[in-house]
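The values are calculated or read from the model by the stated rules, or taken from the named source; none is laboratory data. Just so we're clear, the structure is a prediction, and the values are computed from it rather than from any experiment. Ideal geometry is used to build each Cβ from the backbone, glycine not excepted, and the neighbour counts take in all protein chains shown. Note: areas computed on protein heavy atoms with side chains; ligands, DNA, RNA excluded. Shrake-Rupley method; radii C 1.70, N 1.55, O 1.52, S 1.80 Å.
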Amino acid sequence: CCLVRSSAVSCARVLSRAPVCLLVRSFALVCVLVQRIPVRALIGDRARAHACACACACCQVGPVKQCRDMSAPERSTASLIYIVTLVGTLLSVFVLKVQILTFLLVVLQMCSLTWYMLSYVPYGQQCVRRIIRRCTDTSAPALTLSLA
């Protein structure tokens, strides 16, 4: 933001709100690390911490810009999956109490968050797509060992 003057959010605004976001995230992390809590509560705290992180991002760039960024074509699917799995994780932990469903939702949540973050890296999603295609390509010749 400090390098680009055409940004809608000023550097002073971002820098003034960054310490608050850092304190909220640090407090959530310390609460998780200090207490001896069961896995169910840990996953619930993790999901709540992710919700706080989203709220902190809204504080830094503003809720309108954050929603606009999340609904961009390259991020909309990942954003939707992330929000649905975040809510699903909280419901699964505190209401349904189904461990395998919670685990699957957490894995999907992390995958969608990774895909969302890769959308900010130039050619990040394209590189991962190519890697996955190469790893799963069945038409490529298989490696053979020749003992001759």
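Couple of notes before you dig in:
- Just one of the numbered conditions (1) modelled with pLDDT under 85; (2) surrounded by 13 or more Cβ atoms within 10 Å (Cβ to Cβ) is not true of Pro38: (2).
- Looking across segment 94-140, just one residue is at positive phi and within 21 Å of the chain's Cα centre (by Cα), and that is Tyr123.
- Among the residues making up segment 88-109, a single one is within 17 Å of Ser76 (Cα to Cα) and either charged (D, E, K, R) or open to solvent by 80 Å² or more (accessible area, probe 1.4 Å) (or both): Leu108.
- A search for C-beta distances below 8 Å between a residue of segment 74-99 that is free of Cβ contacts under 8 Å to residues at least 12 places away in the same chain and any residue that is of a type outside the set (Lys, Arg) and open to solvent by less than 50 Å² (accessible area, probe 1.4 Å), counting only pairs 6+ apart in sequence or on different chains, returns Ser76/Met70; Val98/Ser92.
- Residue tally, condition of a type in the set (A, V, I, L, M, F, W, C), part of a helix (DSSP H, G or I) and either over 24 Å from Gln125 (Cβ atoms) or in contact with a strand residue (DSSP E or B) (Cβ under 7 Å, 6 or more places away or on another chain) (or both), over segment 88-113: 9
- Among the residues of segment 119-130, those that are part of a helix (DSSP H, G or I) and open to solvent by 100 Å² or more (accessible area, probe 1.4 Å) comprise Arg129, Arg130.
- Selected residue (criterion: modelled with the lowest pLDDT) from residues of segment 61-83 that are of a type in the set (S, T, N, Q) and assigned to a helix (DSSP H, G or I): Gln66
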